[in-house]
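One structure is given below, encoded as structure tokens.
The values are calculated or read from the model by the stated rules, or taken from the named source; none is laboratory data. Note that this is a predicted model, so its numbers are computed, not measured. Neighbour counts run over all protein chains shown; Cβ positions are idealised from the backbone, glycine included.
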Amino acid sequence: MASEISPENEQFIQHAIQAGMFRTRAEALDTAIELLKCREQLIRDVNAGIEQLERGEGEPLDIECIKAEVRARVQISKG
């Protein structure tokens, strides 16, 4: 099945293949489609969160707790 994309996007794909990011054009296009799916899910999740906030279902952020969690994750990743 052929897919028609702009010359600029085709050039980007070919460059990505030459750079070793993808083995084939199909792999690059499959990755792009998966990223589009993730983007759509993210938009749905953000909209759901906004609706929850508008209904008053939000909770205040605990910045100190968030900082502590990030520090713990960084320590774990450093080994």
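Below, the figures for the structure above:
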item: Cβ-Cβ under 6 Å pairs, at least 6 apart or on other chains, region 1-13 side under 19 Å from R23 (Cα atoms), far side hydrophobic (A, V, I, L, M, F, W, C) and at pLDDT 95 or above; result: I13/A28
item: When residues of region 1-49 are limited to those that are farther than 30 Å from E59 by Cβ and acidic (D, E), the one surrounded by the fewest Cβ atoms within 10 Å (Cβ to Cβ); result: E4
